[in-house]
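Notes follow the structure.
The values are calculated or read from the model by the stated rules, or taken from the named source; none is laboratory data. Fair warning: this is a prediction, and the values are worked out from it, not measured in the lab. FYI the Cβ positions are ideal-geometry reconstructions off the backbone, even for glycines, and counts take in every protein chain you see.
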Amino acid sequence: MGKPNRKHRAAKLRAQLGDVRFLTSEGEQPTTQEVGNAVLAAAMAAARVGAGSKTARGDSGIAGRFAEEVAESGLSDHVVGSGAHLAGRHVIRRVFQHGWLPGDVHEAAVRRVDEFAAGFLVDVMADHVRPFAAETMDETWVEQLDAIEARVWWSDSEPFFGQWAAKHMLTSREAIATVVEALALLLLLPELELIRPLPGSARPRAGAHHHVDEKVLGRVRGLLAKAESTSFPEEAETLSAKAQELMTKYALDRVLVDADTAVPDLPGARRIWLDTPYVDAKALLVDVVAKANRSRAIGASEWGFVTIVGDDADLEAIELLTTSLLVQATRAMIASGQDTPDDGARSRTFRKSFLVAYATRIGERLAAATAATIAESPDSERLLPVLASHQIAVDAAFDALFPQARNRGITIRSAEGWDAGRAAADRAQLDARRPIGR
């Protein structure tokens, strides 16, 4: 940032905050609670200013200003650390009550704050779940906490904040500023749908809780790994079609079994996070894969994730296939630009149009593969009413979570990109009638 820009930003910050002081106690040293309230006040101010940024995040200028104020106050490290820890506990509890899961918080953090702030939030989440008995923790929570390595590594004999700062070799000022930016991000997170039970409230589910059979999952992963590694688009998409056929056959067997049980597996939900750019086009790819696998999807483009609703086993398969197809789609998009000398083939409008067309055509082919698999099933007549009942249950669960959901189109501004995207998808010889390689 150049000197004129820094001066402009400093002047803007002074105009916004005036002579505001976050630590208002005079004479006596503030208590831990008062310091915690001051940290929250600074985080709220940073969130309020940062909300106007192109990508909403905590304002670093306010975080730095507060850190300077703390440094000048002469407060003990113990009081400062305890107050910061208290503020973190308060805000993370609110975020979880608003529907965010540990994996969601981490995904938002790695996109919008630095590694130190993201690491602080991981530790705050690990601290949050400490009081809860294992049997009252939802399995999704456990899996996500494990995935982000959220565990208590610090000693309870000393304040957490000081140990955390020392671990990352941060000065006191750097640590305080980092905490304010981290908490400001949490305060900016919108309220979401509660898709998994909170810690302490999870209960064993009645009936069998389905996941994709590991043997089936292994074969699907093998097919998709081959699809990602090949340099031939036709082979890649044929392998993806075989993976879709295998998942469909497994799912049809499962829904027939569920139809004969007293308590079928109920629809669940999970979130898939997408990388920029072209998040809305990538969300369309998630949507078409979800539809081909008896599920529903809805995107939150500002934050970069898609929520899918369906049976848990279907959701696992959707996430696996979507992840692979995104890799393949991106590679096909880049290859198309390289094959075309025109600079327009590497423009944002071309690439977005390419991905939308690719997703649309892949959706058509996955749907055809699914329909062919159903038609060839020896129980096809029995399957139709069972699948209709299944769809009603998924739709009801989706509507309960998203009563205000509306369809939104995506504008296509490059006919060349659209044609290239469909051509890339059409090159595949997708035939769900082929036997699956064993």
**Request:** Scan the range 109-150 residue by residue and report those that are in contact (Cβ under 8 Å) with a residue 60 or more places away in the chain, under 20 Å from L274 (Cα atoms) and either polar (S, T, N, Q) or outside the structural domain of L86 (by TED's automatic domain parsing) (or both).
**Result:** T140
**Message:** From the list R438, R406, R427, exactly one residue is over 19 Å from A292 (Cβ atoms), over 24 Å from the mean Cα position of the chain (by Cα), surrounded by fewer than 12 Cβ atoms within 10 Å (Cβ to Cβ) and at pLDDT below 80. Which is it?
**Reply:** R438
**Search result, residues across the range 39-53 that are in contact (Cβ under 8 Å) with a residue 60 or more places away in the chain and either touching a strand residue (DSSP E or B) at 6+ places or on another chain (Cβ under 7 Å) or not in a helix (DSSP H, G or I) (or both)** = A51
**Item:** the range 317-331 residues that are in the same structural domain as L274 (by TED's automatic domain parsing), paired with ones that are acidic (D, E) (beta carbon under 6 Å, 6 or more apart)
**Value:** S324/E228; V327/E228
**Request:** Kindly indicate which of A147, A166, A134, A126 is among the aliphatic types (A, V, I, L, M) and surrounded by 15 or more Cβ atoms within 10 Å (Cβ to Cβ).
**Result:** A126
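Picking from A420, A415, A372, which residue would you name as being assigned by TED's automatic domain parsing to the domain that holds L321, at pLDDT below 85 and surrounded by 14 or more Cβ atoms within 10 Å (Cβ to Cβ)?
That would be A420, the only listed residue that is assigned by TED's automatic domain parsing to the domain that holds L321, at pLDDT below 85 and surrounded by 14 or more Cβ atoms within 10 Å (Cβ to Cβ).
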**Message:** Restricting to the range 140-181, name every residue that is among the charged types (D, E, K, R) and more than 23 Å from L101 (Cα to Cα).
**Reply:** D156, E158, K167, R173, E174
**Asked** Residue check: is S155 over 23 Å from the mean Cα position of the chain (by Cα) and loosely packed, with under 13 Cβ neighbours inside 10 Å?
**Response** yes
**Complete:** Exactly one of E149, E158 is acidic (D, E) and in contact with a helix residue (DSSP H, G or I) (Cβ under 8 Å, 6 or more places away or on another chain), and that one is E149
**Verdict on V80 being at pLDDT 90 or above, under 24 Å from L192 (Cα atoms) and not in a loop (DSSP other than H, G, I, E, B)** = no
**Prompt:** Looking at (1) in contact (Cβ under 8 Å) with a residue 40 or more places away in the chain; (2) more than 24 Å from the chain's Cα centre (by Cα); (3) part of a helix (DSSP H, G or I), which is the only condition P30 fails?
**Reply:** (3)
**Prompt:** When only residues in the range 167-189 that are without any contact (Cβ under 8 Å) to a residue 24 or more places away in the chain and not in a helix (DSSP H, G or I) count, which is nearest to E72 (Cα to Cα)?
**Reply:** T171
**Request:** Could you list all residues from the range 119-136 that are part of a helix (DSSP H, G or I) and not hydroxyl-bearing (S, T, Y)?
**Result:** G119, F120, L121, V122, D123, V124, M125, A126, D127, H128, A134, E135
**Prompt:** Can you tell me which residue in the range 365-382 is farthest from A329 (Cα to Cα), limited to those that are free of Cβ contacts under 8 Å to residues at least 24 places away in the same chain and in a helix (DSSP H, G or I)?
**Reply:** E381
**Matching entry among W154, W164 (being assigned to a loop (DSSP other than H, G, I, E, B) and at pLDDT 95 or above)** = W154
**Request:** Give the residues of the range 277-316 that are in a strand (DSSP E or B) and either in contact (Cβ under 8 Å) with a residue 40 or more places away in the chain or surrounded by fewer than 20 Cβ atoms within 10 Å (Cβ to Cβ) (or both), sorted by residue number.
**Result:** R296, I298, A300, F305, T307, V309, G310
**Asked** Going through the range 63-75 one residue at a time, which ones are under 15 Å from G162 (Cα atoms) and over 38 Å from the mean Cα position of the chain (by Cα)?
**Response** L75
